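**Student:** Input: one structure, supplied below.
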Amino acid sequence: MANSAFEHTPSFTIPSSITTANSAAIWSAVNNLGQSTIILDSGGNGRIGISGDTNIITLTSGTVTVAGTVAATTLTGAGAGITALSAANITASGTLPALNGAALTALTAANITASGTLPALNGAALTALNGSQITTGTVADARISALTASKLTGALPAISGANLTNLPAGGATINNATVNELVTVASTTTQLDAESTLTYDGTTLTLGSGQIKFPGSVNLSTDVNTLDEYEEGNWTPVIQFGNSTSSFTYGTQAGYYTRIGRAILINGRLDVTGGSTGSTGNAKISGLPIQSNVNPASHSAASIGYMNGFSFANQATLMIQSGSTYLDFMETTESGTVSHLTHSNLTTSFQLFFSGLYWDE
């Protein structure tokens, strides 16, 4: 045969590096690409190589090591020996055989690019699975054992309450609850208290004890069925003549008021034991706790329950004019003439008991 680039001249030789004690058999062939060598020793070890790269494939104690790339149509055998296989090196489409997931310690979803279906996996090995990678399908309830609210960063789908059969209260409990009692937040803010003195049966709100508190500032409503204000307290009635305070000495000088919505109920008592009028003019009782309504139609009257130490001819009354904080002493004659009482109608020793009702804004 004519010499060519692929012509081999095979021969058997024993290189000086192998002793006869190893009982080695060597195949050596020389061609234009270099020397090809197969070495087998009595221990079951060997290698296949060419000149300058003699250890491309080695066999040591039953383990085959390939220094380059393996190209094969079919690989058979147990996969337990493939301990460092990178998913990036699996490029052919198709179906992987059953694998032991324990060996896939650095598998990321980005490396699974081919469409298809993964075989059943053991979820115990998925310790850092990102929920954003699960776009379709159903996760078994047993796998959702430690789900926390901090992991829920998106919108939850519609959930049927029928499936929430063992939902705990989350640390919030209702203490000493009985039927119809209203519930308030306890001082710990993690518990709820049932109020035994405050109940609502769907029709009637009942306050067994305590008080209902309204705001300090007036907030009147236009709804005729809304109770929007309540207030009660004391006020000090003072006798004036004209716009000046008298110089009377008081033994008793007391007033009380109650406001419900726009209505203000007042009463008072004055016992003057001495002093002087101090000024002249129309007689008034100043110091009303709340100014009356400015509407001219809001004039109100107060009744005198008892009085002595006054001098007048006919009937004495008290009037609260609109937009004022005082009561005017008035006199009505039998003929119907109305006039003001003045400083000349009062002495320096008198008593007056009175009460009345007037309106706020």
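What follows draws every value from the coordinates through simple rules; no lab data is involved. Keep in mind it's a predicted model, so treat the numbers as computed, not measured. Note: ideal-geometry Cβ built from the backbone for every residue, glycine included; neighbour counts use all protein chains shown.
**Student:** If you take every residue apart from Ala263 with its C-beta less than 14 Å away from the C-beta of Ala263, what net charge results, scoring Lys and Arg +1 and Asp and Glu -1? Intermediate values should be presented prior to the final figure.
**Tutor:** On the way: positive: Arg259, Arg262; negative: Asp228, Glu229, Glu231, Glu232, Asp360, Glu361.
Result for the neighbourhood of Ala263: -4.
**Student:** OK, next. For Ser324, which sequence-distant residues (separation of 5 or more, or a different chain) have an amide H within less than 5 Å of its own amide H, given hydrogens modelled in the peptide plane?
**Tutor:** Ser292
**Student:** Among rounded, prolate and oblate, which fits segment 232-359 when a ≥ b ≥ c are the square roots of the eigenvalues of its C-alpha gyration tensor, a/c under 1.5 means rounded, and a/b larger than b/c means prolate?
**Tutor:** oblate
**Student:** In whole Hz, with x marking every Gly and Pro, tabulate ³J(HN,Hα) for segment 286-303 from phi via Karplus 6.51 cos²θ - 1.76 cosθ + 1.60, θ = phi - 60°.
**Tutor:** 9, x, 3, x, 9, 5, 6, 4, 7, 5, x, 7, 9, 4, 10, 10, 10, 9
**Student:** Scan around Asn282 for amide H atoms under 5 Å from its own, H built in the peptide plane at 1.01 Å from N, and keep only partners 5 or more places away or cross-chain.
**Tutor:** HN-HN under 5 Å from Asn282: Gly242.
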